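In what follows, a single structure is set out as structure tokens and then discussed.
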Amino acid sequence: MNKAIFIRNASQLVTLKGSSHAPLVKEAMSELGIIEDGSIWIEDGVIQAVGKDTDLFEKYSTRLAEAVVVDATGKLVTPGLVDPHTHLVFAGSRENELNMRLQGSSYMEIMNAGGGIHATTRRTQAATHEELFQESVDRLNQFLRHGVTTVEAKSGYGMEWETELKQLEVAKQLNERHVVDVVSTFMGAHAVPKEYKDAPDAFVRKVMEEMIPEVAERGLAEFNDVFCEQGVFTPEQSRLILEAGKRYGLKPKIHADEIEPYEGAELAAEVGAISADHLLRASEKGMKAMAEKGVVGVLLPGTAYFLMAESANGRKMIDLGVPVALSTDCNPGSSPTVSLPFIMNLGCLKMGMTPAEVLTAATINAAHAIHRGHEIGSLEVGKKGDVTIFNSENYMKLQYAYGVNHTDTVVKNGQVVVRGGQIVEELSLS
């Protein structure tokens with residue numbers, strides 16, 4: 001049994017208390033529940049007490065010898081960061097495409113020329129299970145060093161069952177063997193394979209009738225996602241895929257309105273998706289529908305930044321009542337980053353969000369975007385002992401000093417796993 005953890009004397013302790021039942025919206029996204037000179041006691045991997053240091057010291061003074069005491073003087077303590085949209089498991093990189101984009105090629109032009117998703121698919125198909133696992137471990141370690149304690153991971157670089165299965169099995173293995181929690185999403189409908197270019201409906205049926213039932217039977221994913229976009233999957237095809245997943249117990253997610261307005265936000269509300277992601281070109285009608293149905297808008301400003309596109313209108317979505325979350329969209333083609341803190345910076349600088357709103361978006365709202373708001377995303381009694389400590393005396397400085405990894409200490413399930421910005425003990429792969 002791990003020793004108790006006593007985190008003491010935080011300059012600011014951000015609790016986000018009372019946000020476990022639903023994601024925060026509008027003005028509530030700025031209500032951080034800050035405790036100055038705050039402390040937290042974690043035992044058996046679970047938060048036991050949160051409050052002023054004087055109160056917790058009095059309560060636990062006779063048990064200090066039983067605990068690992070972490071001095072957070074002058075530091076910011078927050079819930080462990082949550083990344084609700086990544087393509088964590090893939091092989092290779094596509095740095096050559098950066099130059100193509102700088103010369104004016106669009107995302108779809110690069111994909112149609114044999115790059116894009118298809119290039120990563122070829123590398124991922126060719127990689128062995130162990131090669132794919134090791135590449136993904138390296139990325140997951142980097143996420144952890146940036147303060148992230150939970151990530152969602154999509155398949156989608158297979159486009160045929162064997163590789164989709166390999167990706168999902170690697171994600172499951174990562175969840176079992178790495179300290180970071182990995183939540184799996186099946187995304188067989190990431191793109192139309194070249195061999196189905198002239199018969200996309202046949203591929204849709206394959207995803208619905210063959211892949212989804214197999215994923216559900218093997219218990220390999222919790223969510224089902226689709227890329228609803230002009231030139232990829234139509235709204236009607238996307239609806240069929242998402243409804244098929246629901247019949248097998250897979251909660252719907254959707255890549256929506258990224259490149260063109262395509263009624264993806266409206267579809268998300270219609271099918272009861274837990275989240276709609278990207279939303280760069282979402283209509284006001286779609287935003288309002290999402291707000292009405294409580295669909296989390298997972299915004300990915302790093303993708304727009306890397307593609308040199310205009311970011312989603314996060315300010316408008318929040319003002320309309322959409323519960324907004326933030327994510328890296330870590331992937332090799334359009335957002336090759338593991339820095340969720342930098343994505344928070346972009347949320348402020350490119351989408352008009354406030355420092356308080358981006359912190360909410362990367363913690364409790366991100367947790368709700370992967371159906372984990374009841375156990376992570378805020379610092380409350382009974383929740384997992386997932387905590388990130390930043391070398392910053394207040395939450396606003398995280399966004400002021402941008403592009404910097406301020407992470408000092410990470411506690412995962414009540415165990416110190418990062419200290420001084422470095423992983424305490426490398427993951428055992430035995």
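Throughout, read-outs are computed from the coordinates displayed, never taken from laboratory work. All values derive from a computational prediction rather than experimental measurement. Note: ideal-geometry Cβ built from the backbone for every residue, glycine included; neighbour counts use all protein chains shown.
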Which of the chymotrypsin sites (Phe, Trp or Tyr not before Pro) found in the stretch 222-331 are loop residues per DSSP with 16 or fewer other Cβ atoms within 10 Å of their Cβ? 248
Figure the gain on full extension for residue 62 and residue 205 (residue separation times 0.36 nm, minus the Cα-Cα span) and round it to one decimal in nm. 45.1 nm
Roughly how big is the stretch 99-258's charge dipole about its Cα centre, with Cβ charges of +1 (Lys, Arg) and -1 (Asp, Glu), in debye to the nearest 20? 240 debye
Once you charge only the Cβ atoms, +1 for Lys and Arg and -1 for Asp and Glu, what is the size of the charge dipole of the chain about its Cα centre, to the nearest 20 debye? 440 debye
Can you give me the relative contact order of the stretch 271-382 as a percent, contacts being Cα pairs under 8 Å and 6 or more apart? 24 percent
How many percent of all Cα-Cα pairs in the stretch 1-48 sit more than 14 Å apart? 60 percent
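Compute the FRET efficiency between residue 404 and residue 102 as 1/(1 + (r/R0)^6), taking r as their Cβ-Cβ distance and R0 = 25 Å, and round to the nearest 0.05.
FRET efficiency, residue 404 to residue 102: 0.45.
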Calculate the all-directions average of the projected area of the chain's alpha-carbon convex hull, and give it in nm². 19.1 nm²
Set of lysines near residue 59 by C-alpha distance (under 25 Å), chain-local residues within fewer than 8 positions excluded: 3, 17, 75, 383, 384, 412
Among the lysines, which fall within straight-line cross-link reach of residue 285, defined as a Cα-Cα distance under 24 Å, with same-chain neighbours fewer than 8 residues apart omitted? 26, 251, 253, 293, 316, 350
Could you let me know the centre-to-centre spacing of the stretch 154-182 and the stretch 1-33, using Cα atoms, in angstrom? 30 Å
